[in-house]
Each structure stands twice: as structure tokens, then as C-alpha cells.
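Each reported figure results from applying straightforward, stated rules to the coordinates on display, with no laboratory input. This is a predicted model, so every value here is computed, not measured. A quick note on method: Cβ atoms are made from the backbone with ideal geometry, for glycine too, and the neighbour counts reach across all protein chains shown.
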Amino acid sequence: MNTLWITGFGLLALAAIVWQSWREREREAERISPEWTVALGRISNDQSLGHYRDARRSALLCLQKLAREPANSRLASRLRTSLAALMARDSVYPVVVRAIRSACAAEPAVTELALCVGLRQFLIEDIRQCEEIAECLGQIRRRDQGADSLVIASFQLTA
């Protein structure tokens, strides 16, 4: 009888150890590495200082670097979500994405020229940066058709 009790307590202790180590491994997998934390902090600081073009350039580099990671990893989806939230605070990005989506609600695609004419208060460089970021985040698709460059909105949830 005593051996059954001791065996039961031993198995219970072993189960607790396995469960705790599994939880620690899951927590470790969800942590963002210091490299990414510094990159996100730099982008946020650039935005708070009003250097939106530099912040967009850094975000684009992060997204291109993130494209080399496995697409279905938790880290990649968390970082894409963080970058999308940072881009929502940008002064140009939400306006460009909103213009693309509203233009694509009436037509299947909008030309880049028509988009730039409609957003003439912004520089073409800023609009193209925003297009590249939105394409990396899966919010739009770009396609060259002859001399025109078409922008197609994606109305599916991303990140």
C-alpha cells in the first residue's frame, strides 16, 4: 500500500515538472528577442520625433527581414501585428491604404498614377514606401500591366 502511495506521489511530481517545463518553453517561444525589441523601439522613437520616412524605411527593412522567417511562426505574426500597429500611427500610411481600399471598392484595381494624383499632398516616395509596407503586410498586391502599375486592395484580415 505504501509503495502505491509513493509511486502515485512520484508520478504526480513528475507530471508537475513536465507541465512546468512545457509552460516555460511556451513562454520562451512567445518572447520577442532583444534585437526585434530594439528595432520596434527605434521605429517608435522615429515616429514620436516626427521622422516618419525613416520609421517607414526601418519598418520596411524589418518586414523584409521577417519575410525570411517561417510565415506561420508566432514570433512572425506578433511582429507583423506590432509593425502594423506602429504604421497605423504614421501620418501617411493610413491615408494611402484607405485611399487604395476606397478606390478598389469601386474598381478591381487602381493605377499607381491615379493614386498619386489623388494623394498629391504627399510625395511619390512616401506613397511608394507605404505601398511596399502594405504589400509586405498583405494589405495590397501590386502588379505591372504594360506601362501601368496596378495596385489591388486585399480586404482579408492580415497579421
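Structure summary
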{"item": "Hits in the range 24-55 (condition: in a loop (DSSP other than H, G, I, E, B) and farther than 17 Å from L66 by Cβ)", "result": "L49, G50, H51"}
{"item": "Per-region count, the range 63-104, residues over 10 Å from the mean Cα position of the chain (by Cα) and free of Cβ contacts under 8 Å to residues at least 12 places away in the same chain", "result": "11"}
{"item": "Residue match in the range 108-130 (condition: under 13 Å from L60 (Cα atoms) and in contact with a strand residue (DSSP E or B) (Cβ under 8 Å, 6 or more places away or on another chain))", "result": "no"}
{"item": "Selection count where residues are surrounded by 12 or more Cβ atoms within 10 Å (Cβ to Cβ) and in contact (Cβ under 8 Å) with a residue 24 or more places away in the chain, scope the range 29-62", "result": "14"}
